[in-house]
Amino acid sequence: MPSTLTLFNLCCNSIMGTVVHKLPSFKFLNPTSSSSHYCSTTTTTTTTTRTSKTFRAGSRRRSFSISASASAVREDNPALGSLSLGHITRPDFPILHQEVNGSRLVYLDNAATSQKPTAVLNALQNYYEAYNSNVHRGIHYLSARATDEYELARKKVAAFINASDSGEIVFTKNATEAINLVAYSWGMSNLKPEDEVILTIAEHHSAIVPWQLVAQKTGAILKFASLNQDEAPDVDKLRQLFSRKTKIVVVHHVSNTLASVLPIEEIVLWAHDVGAKVLVDACQSVPHMVVNVQSLNVDFLVASSHKMCGPTGVGFLYGKSELLSAMPPFLGGGEMISDVFLDHSTYAEPPSRFEAGTPAIGEAIGLGAAIDYLSRLGMQKIHDYEIELAKYLYESLLSVPNIHVYGPAPSENVDRAALCSFNVENIHPTDIATFLDQQHGVAIRSGHHCAQPLHRHLGVNASARASLHFYNTKEDVDDFIQALNDTVNFFNSFK
Amino acid sequence: MSSSSISSSLRLFTTKLPRPLLCPKTLIPSKPHNLSFLKPISFQRLPTTPSSSPSPSPSVSASSSVPLQPIEELPPKLQEIVKLFQSVQEPKAKYEQLLFYGKNLKPLETQFKTKDNKVEGCVSQVWVRAYLDSDDNVVFEADSDSVLTKGLAALLVNGLSGRPVNEVIRVSPDFAVLLGLQQSLTPSRNNGFLNMLRLMQKKALQLAMEAEKGENLGLKMDGSVENGNFGSNSDLGVEKTPVGVSNLGLKVDSRDGNVNVELDSEVGGERNRVQSSNSGGLGSRGTRIKEKLESELSPVAIEVEDISYQHAGHAGVRGSDGETHFNVKVVSKEFEGKSLVKRHRLVYGLLQEELQSGLHALSIVAKTPSEVNGS
């Protein structure tokens, strides 16, 4: 432990005379001048984008050795240098440029919700300022414009995930509601006693609870696949749970706690082999990588806008047309009907059938703007950058003594998402999160991350979690690690 | 005989403790100013140093816009603790102080880490145990797996242990603001500190109520409470009357002769306008009570007295139509062979409907004809 700190000293002796200190407070005005205060990233080469791309492609193959002092600068990785995606995009996110408790805000809770770029904020504001109106039935100009923009947002979502038709996109309140939609609408009319629903123990509560509720009503049975020794969901065991009784498989794409990625294409093949459908919780994947529902061939997929730089209050369900057409309504009301009589009603075609009431119009349009923003950056580019950042975060964390990071280690074959849930021995994660926030302005999360069964399996009550997005930089990770070491020292000194 | 016991019961209801006793959550300026007990000092927040956060978190500033409970109202040890924290300026040193408290907190034995003692809604695990000592002051023990929470628990334990129940109940969580620990006071499920304090107050209340019953039965409660000697007449059992969860009325006998105090212990108790009641003839509820007891107990003598007016203006009464507190004296053969507690339970059982529809408290004298004639 002392050696790491000494190294920090050597690196950063321009700032700190002694070891354990708060960061000097300063306003982070020009986000691109990141080299001003840190273990220097002075190897910011002025390479053109093209060369850095090829270099990055090469460096991804390189295995990074986990050195004792992960604070050693990755001077050879321009992907994380001052022209990184993080540095370039930071100016677009006004919220990041503030101080919290006297320190620069370091926002590392992106798995909980992402920040929104100015383009999205503007889209929302513009909607309310210029053409706010109720959609779908109006005749007048404003409502026609609102309807057009709303339906255009739907098309953008469809294109973003490569759905074959925008009619396969149902706007919901969030991913949780989308899963409930499938559970109640599809589940209640397709599940019979002794039918099986297969999940993993690492699922988010929103993927578990709706199916528990429906299983109670229909007599279906839930089965869960556990983890393997790498602390990732055991894909082989998952496959073994499939049988003729399986009617639907509900799995995450990327785990919000373990950072592991499931092989969805294969899982879909195995599920379809036994005649089961697949519902994928893509909340942690759609915002961070290319997701192609046609090549994955999933039956249902859900995601939330607020995790992909869009506003809260809107999410979506993707469902194959033939499935949606056969599903009864979920919520009843206006918009989802065709004709209404006193003793019965007829219903609209999907997606309207599942969109009762006035939707979150401005928010959906905001989601469309977020998709435009993300598409302009390029999801592949975002993914590549985050892979690098994920490795850097993981390795930096391992340098903290007595730490355990959950989930599989990154390697040639294993990509991790840019998040790490961890525990430091003998220190409660809530203490860590509190101290990090109060003394260092670092925002992480502590708790069970809506995955209690997973934590029970791991044998802990709670864990701390730092999660990144493409607008985070290497300096954010460095700040976090330095703050974490300070925090750990503080609490250890009281043992 | 009967009249003198009634007049003595009238005397019983002069409160010696300040009314209304404030629900810890609300410190609105409608405090009664006729009570010299409460000094109307306006409290000024001490400025924190620039190195700590310049602006309080929104939840803190929201509560600081309301006048805080004056520090003098806090139990003495808690006052000391608050002042200690105020004298420590640097935030990190405050945390060190907090951890120091936590470290010296007596550990809680595993047998007490029960579900009942667990503070709900905490991200960390926190347990609180409460029991009454020989002076009927409440003693707390606590533990947590998070050292910061343990520190906060230690603050509360050190500050509140060994104090009388009603003093503990009156503590408002706002004092946390005074500590300068950036402690959020938003009542959310994550607010361990707030939930801890509430649980401690709730347990203190429960202990006090059980102690009353215990002293009527001559039993030990909670394994460690002795039969408190409140000095009440054994034939004038005063019992609490719970009216729903959110409005827990309590009568606490104090030591100096049967003072009754009503407390509203739960957060979110009803705050409605005070309605005045006429204390002349019996209103509809009083009549109903009388008729019910008459028909079911065939009493030799019965007296029902509406004393709601004495309690007008305190929290438990607001929003009702005024018929909330009654003295009931019944002399009936039905009580023969029944213990005091059984007699009271019988009466309560008969008046269930009333209790659920706004009757807040009953003071019951239940005697058999032979007891009345013999004494």
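Every read-out reported here was derived from the displayed coordinates using simple, explicitly stated rules and does not represent laboratory data. The structure displayed is predicted, hence computed values, not measured ones. Here the Cβ is made from the backbone with ideal geometry for all residues, glycine too, and neighbour counts use every protein chain on show.
For a quick check: with amide H placed at 1.01 Å from N, whose amide H comes under 5 Å from B:Ser363's, ignoring anything fewer than 5 positions away on the same chain?
Under 5 Å from the amide H of B:Ser363 lie the amide H atoms of B:Phe326, B:Asn327, B:Val328, each far enough along the sequence or on another chain.
Label points 7 Å out from Cα along the Cβ direction at A:Asn228 and A:Glu129: separation in nm?
Between A:Asn228 and A:Glu129, the simple spin-label model gives 5.3 nm.
What is the distance in Å between the Cα centroid of the range A:261-323 and that of the range A:142-190?
One Cα centre to the other: 13 Å.
Which ordering of A:Asp281, A:Asp230, A:Asp478 is given by a fewest-first count of other beta-carbon atoms within 10 Å?
On the way: A:Asp281 28, A:Asp230 14, A:Asp478 23.
In order of increasing Cβ crowding within 10 Å: A:Asp230, A:Asp478, A:Asp281.
May I ask for the net charge around A:Met336, where only other residues with Cβ less than 11 Å from the Cβ of A:Met336 are counted and Lys, Arg are +1 while Asp, Glu are -1? Intermediate values should be presented prior to the final figure.
Working: positive: A:Arg353; negative: A:Glu335, A:Glu349, A:Glu355.
With Lys, Arg at +1 and Asp, Glu at -1, the neighbours total -2.
What list of ³J(HN,Hα) values in whole Hz, one per residue of the range A:449-455 in order, does the Karplus curve 6.51 cos²θ - 1.76 cosθ + 1.60 (θ = phi - 60°) give from phi, with Gly and Pro shown as x?
Here the 3J(HN,Hα) series is 6, 6, 9, 5, x, 5, 5 Hz.
If amide hydrogens are placed 1.01 Å from N in the peptide plane, which non-local residues have theirs closer than 5 Å to the one on A:Leu227?
When sequence neighbours closer than 5 places are left aside, the close amide H contacts are A:Asp234.
Within the set B:Lys77/B:Lys213; A:Lys495/B:Lys118; A:Lys223/A:Lys381; B:Lys290/B:Lys338, which residue pairs have Cα atoms separated by over 32 Å?
Details: B:Lys77/B:Lys213 30 Å; A:Lys495/B:Lys118 24 Å; A:Lys223/A:Lys381 37 Å; B:Lys290/B:Lys338 21 Å.
Violating the 32 Å Cα-Cα cut-off are A:Lys223/A:Lys381.
Can you list the HN-Hα couplings for the range A:388-403, worked out from phi with the Karplus curve (6.51, -1.76, 1.60; θ = phi - 60°), rounded to whole Hz and with x for Gly and Pro?
4, 5, 5, 5, 4, 4, 4, 5, 4, 5, 5, 6, 7, x, 6, 9
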